[in-house]
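**Student:** Take a look at the following structure, please.
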Amino acid sequence: GAPAHAPPPPPPDAGPALVSVDAAEELARAATTDPSREVRVTIAKALATVWAQRPLDVTLDALTRLTEDPDALVRGAAYGALGTTGCPAPLAARAVTALAASAWQVRSGAATALSAADPEVAVPALAKALADPNADVRKAAVLALTHHSGTDDARAALATATTDSDADVRAYAGRAL
(Lines give C-alpha, C1' and ligand atoms only; values in the text may rest on other atoms or scores of the structure.)
Protein backbone atom coordinates (compact mmCIF):
# COMPACT_ATOMS: atom_id res chain seq x y z
CA GLY A 1 0.00 0.00 0.00
CA ALA A 2 0.88 3.63 -0.12
CA PRO A 3 3.14 4.92 2.64
CA ALA A 4 1.37 6.82 5.39
CA HIS A 5 2.11 10.53 5.33
CA ALA A 6 1.66 12.92 8.16
CA PRO A 7 -0.56 15.87 7.27
CA PRO A 8 1.36 19.05 6.51
CA PRO A 9 1.74 21.48 9.37
CA PRO A 10 -0.83 24.28 9.42
CA PRO A 11 0.26 27.59 7.93
CA PRO A 12 1.49 30.18 10.47
CA ASP A 13 -1.75 32.17 10.18
CA ALA A 14 -4.07 29.18 10.16
CA GLY A 15 -6.78 31.00 12.05
CA PRO A 16 -8.68 30.79 15.30
CA ALA A 17 -9.84 27.20 14.86
CA LEU A 18 -6.38 25.98 15.84
CA VAL A 19 -6.26 27.84 19.15
CA SER A 20 -7.43 25.91 22.18
CA VAL A 21 -9.00 27.73 25.09
CA ASP A 22 -6.94 25.43 27.30
CA ALA A 23 -3.79 27.00 25.84
CA ALA A 24 -4.38 30.43 27.38
CA GLU A 25 -1.89 30.04 30.21
CA GLU A 26 0.79 28.54 27.96
CA LEU A 27 0.28 31.30 25.40
CA ALA A 28 0.44 33.92 28.11
CA ARG A 29 3.72 32.49 29.42
CA ALA A 30 5.23 32.41 25.91
CA ALA A 31 3.94 35.88 25.05
CA THR A 32 6.90 37.82 26.34
CA THR A 33 9.55 35.12 26.42
CA ASP A 34 9.68 33.89 22.83
CA PRO A 35 12.59 35.53 20.98
CA SER A 36 10.73 35.56 17.66
CA ARG A 37 8.78 38.71 16.84
CA GLU A 38 6.52 36.71 14.52
CA VAL A 39 5.67 34.28 17.30
CA ARG A 40 4.86 37.11 19.73
CA VAL A 41 2.61 38.77 17.09
CA THR A 42 0.83 35.45 16.51
CA ILE A 43 0.46 34.95 20.26
CA ALA A 44 -1.16 38.38 20.64
CA LYS A 45 -3.71 37.47 17.99
CA ALA A 46 -4.26 34.02 19.49
CA LEU A 47 -4.84 35.51 22.93
CA ALA A 48 -7.72 37.56 21.49
CA THR A 49 -9.18 34.37 20.02
CA VAL A 50 -8.86 32.53 23.32
CA TRP A 51 -10.42 35.47 25.15
CA ALA A 52 -13.43 35.45 22.84
CA GLN A 53 -14.04 31.82 23.79
CA ARG A 54 -13.33 32.12 27.50
CA PRO A 55 -12.16 35.35 29.15
CA LEU A 56 -9.28 34.85 31.57
CA ASP A 57 -7.27 37.41 33.53
CA VAL A 58 -4.05 35.77 32.37
CA THR A 59 -4.95 36.72 28.79
CA LEU A 60 -5.37 40.39 29.56
CA ASP A 61 -2.19 40.36 31.66
CA ALA A 62 -0.20 38.91 28.76
CA LEU A 63 -1.61 41.47 26.31
CA THR A 64 -0.74 44.23 28.76
CA ARG A 65 2.87 43.01 28.79
CA LEU A 66 2.89 42.78 24.98
CA THR A 67 1.87 46.45 24.69
CA GLU A 68 5.31 47.15 26.24
CA ASP A 69 7.23 44.90 23.83
CA PRO A 70 10.32 46.48 22.26
CA ASP A 71 9.07 45.58 18.78
CA ALA A 72 6.49 47.90 17.19
CA LEU A 73 4.75 45.09 15.30
CA VAL A 74 4.21 43.16 18.54
CA ARG A 75 2.88 46.26 20.31
CA GLY A 76 0.54 46.94 17.38
CA ALA A 77 -0.80 43.38 17.45
CA ALA A 78 -1.28 43.52 21.21
CA TYR A 79 -3.25 46.75 20.99
CA GLY A 80 -5.27 45.32 18.11
CA ALA A 81 -6.14 42.28 20.24
CA LEU A 82 -7.48 44.59 22.96
CA GLY A 83 -10.22 45.54 20.51
CA THR A 84 -11.51 41.99 21.01
CA THR A 85 -10.77 41.47 24.69
CA GLY A 86 -11.99 44.84 25.85
CA CYS A 87 -9.84 47.76 26.76
CA PRO A 88 -10.13 48.64 30.46
CA ALA A 89 -9.33 52.16 31.62
CA PRO A 90 -5.58 51.73 32.32
CA LEU A 91 -5.05 50.16 28.89
CA ALA A 92 -7.30 52.72 27.22
CA ALA A 93 -5.10 55.48 28.61
CA ARG A 94 -2.06 53.62 27.30
CA ALA A 95 -3.75 53.24 23.89
CA VAL A 96 -4.49 56.98 23.75
CA THR A 97 -0.80 57.64 24.37
CA ALA A 98 0.15 55.04 21.74
CA LEU A 99 -1.79 57.01 19.12
CA ALA A 100 1.29 59.27 19.07
CA ALA A 101 3.79 56.41 18.55
CA SER A 102 6.25 56.74 15.69
CA ALA A 103 5.25 53.38 14.14
CA TRP A 104 1.96 53.48 12.25
CA GLN A 105 1.32 49.82 13.20
CA VAL A 106 1.23 50.80 16.87
CA ARG A 107 -1.05 53.78 16.15
CA SER A 108 -3.39 51.56 14.11
CA GLY A 109 -3.49 48.90 16.84
CA ALA A 110 -4.13 51.56 19.48
CA ALA A 111 -7.07 52.89 17.48
CA THR A 112 -8.45 49.35 17.26
CA ALA A 113 -8.04 48.91 21.02
CA LEU A 114 -10.08 52.04 21.60
CA SER A 115 -13.03 50.46 19.80
CA ALA A 116 -13.55 48.49 23.02
CA ALA A 117 -12.82 51.33 25.44
CA ASP A 118 -15.12 53.75 27.23
CA PRO A 119 -16.48 56.18 24.62
CA GLU A 120 -15.67 59.19 26.81
CA VAL A 121 -11.98 58.31 26.56
CA ALA A 122 -11.98 56.75 23.10
CA VAL A 123 -14.02 59.11 20.94
CA PRO A 124 -11.99 62.31 21.43
CA ALA A 125 -8.71 60.43 20.84
CA LEU A 126 -10.10 58.65 17.77
CA ALA A 127 -11.43 61.91 16.36
CA LYS A 128 -7.90 63.33 16.56
CA ALA A 129 -6.51 60.15 14.95
CA LEU A 130 -8.59 60.93 11.86
CA ALA A 131 -5.88 63.50 11.04
CA ASP A 132 -3.09 60.88 11.14
CA PRO A 133 -0.81 61.01 8.09
CA ASN A 134 -1.19 57.23 7.58
CA ALA A 135 -4.39 56.03 5.88
CA ASP A 136 -4.30 52.68 7.72
CA VAL A 137 -4.39 54.51 11.03
CA ARG A 138 -7.28 56.71 9.86
CA LYS A 139 -9.15 53.61 8.67
CA ALA A 140 -8.61 51.91 12.04
CA ALA A 141 -9.88 55.06 13.77
CA VAL A 142 -13.02 55.11 11.61
CA LEU A 143 -13.68 51.42 12.26
CA ALA A 144 -13.19 52.01 15.99
CA LEU A 145 -15.54 54.99 15.91
CA THR A 146 -18.26 52.78 14.41
CA HIS A 147 -18.33 50.93 17.75
CA HIS A 148 -19.15 54.24 19.43
CA SER A 149 -21.55 55.57 16.78
CA GLY A 150 -24.28 55.83 19.39
CA THR A 151 -22.65 59.04 20.58
CA ASP A 152 -23.05 62.40 18.87
CA ASP A 153 -19.31 63.09 19.00
CA ALA A 154 -18.49 59.80 17.24
CA ARG A 155 -21.06 60.51 14.51
CA ALA A 156 -19.64 64.01 14.05
CA ALA A 157 -16.11 62.58 13.73
CA LEU A 158 -17.34 59.97 11.25
CA ALA A 159 -19.02 62.71 9.22
CA THR A 160 -15.68 64.52 8.88
CA ALA A 161 -14.05 61.28 7.73
CA THR A 162 -16.44 61.07 4.76
CA THR A 163 -14.25 63.72 3.09
CA ASP A 164 -10.93 61.93 3.76
CA SER A 165 -8.41 61.70 0.92
CA ASP A 166 -8.45 57.87 1.16
CA ALA A 167 -11.34 56.03 -0.52
CA ASP A 168 -11.43 53.25 2.10
CA VAL A 169 -11.62 55.73 4.95
CA ARG A 170 -14.45 57.60 3.20
CA ALA A 171 -16.31 54.35 2.47
CA TYR A 172 -16.08 53.01 6.03
CA ALA A 173 -17.17 56.35 7.45
CA GLY A 174 -20.10 56.55 5.03
CA ARG A 175 -21.24 53.02 5.92
CA ALA A 176 -21.03 53.81 9.63
CA LEU A 177 -23.37 56.74 9.24
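The values are calculated or read from the model by the stated rules, or taken from the named source; none is laboratory data. Since we're looking at a predicted model, the values are computed, not measured. Every residue, glycine among them, receives a Cβ derived from its backbone with ideal geometry; neighbour counts consider all protein chains shown. Surface accessibility is based on the protein's heavy atoms, side chains included, excluding ligands, DNA and RNA. Shrake-Rupley method; radii C 1.70, N 1.55, O 1.52, S 1.80 Å.
**Student:** Would you tell me the accessible area of Val121, worked out with a 1.4 angstrom probe on the heavy atoms of the protein chains, in Å² to the nearest 10?
**Tutor:** Answer for Val121: close to 70 Å² accessible.
**Student:** Please calculate the 1.4 Å probe accessible area of Glu25, with all protein chains present, and give it to the nearest 10 Å².
**Tutor:** Ignoring ligands and nucleic acids, Glu25 comes out at about 110 Å².
**Student:** In the stretch 87-106, whose amide N lies under 17 Å from the spot 7 Å out along Cα-to-Cβ of Asn134? List them in ranges.
**Tutor:** Answer for this model: 95-106.
**Student:** Work out from phi, with θ = phi - 60° and the Karplus expression 6.51 cos²θ - 1.76 cosθ + 1.60, the ³J(HN,Hα) of each residue of the stretch 143-156, listed in order in whole Hz, and give x for Gly and Pro.
**Tutor:** Calculated HN-Hα couplings, in order: 4, 5, 4, 4, 6, 10, 5, x, 9, 4, 5, 5, 5, 5 Hz.
**Student:** How much accessible surface area, in Å² rounded to 10, belongs to the heavy atoms of Leu56 with a 1.4 Å probe?
**Tutor:** Around 50 Å² of this residue is reachable by solvent.
**Student:** Cα atoms only: what Rg and Dmax, in Å, come out for the chain?
**Tutor:** Gyration radius and largest Cα-Cα distance of the chain: 17.7, 69 Å.
**Student:** Whole-Hz Karplus ³J(HN,Hα) for the stretch 55-64, in order, using 6.51 cos²θ - 1.76 cosθ + 1.60 and θ = phi - 60°, x for Gly and Pro?
**Tutor:** Rounded to whole hertz, the list is x, 9, 4, 4, 5, 5, 4, 5, 5, 4.
**Student:** Still on this structure: Return the FRET efficiency for the residue pair Arg65, Ala23: r is the Cβ-Cβ distance, R0 is 22 Å, and the value is rounded to the nearest 0.05.
**Tutor:** Rounded to the nearest 0.05, the efficiency is 0.85.
**Student:** With θ taken as phi - 60° and the coefficients 6.51, -1.76 and 1.60, list the Karplus ³J(HN,Hα) couplings across the stretch 120-130 in order, rounded to whole Hz; mark glycine and proline as x.
**Tutor:** Each residue of the stretch 120-130 in turn: 5, 8, 6, 4, x, 5, 5, 4, 5, 5, 5 Hz.
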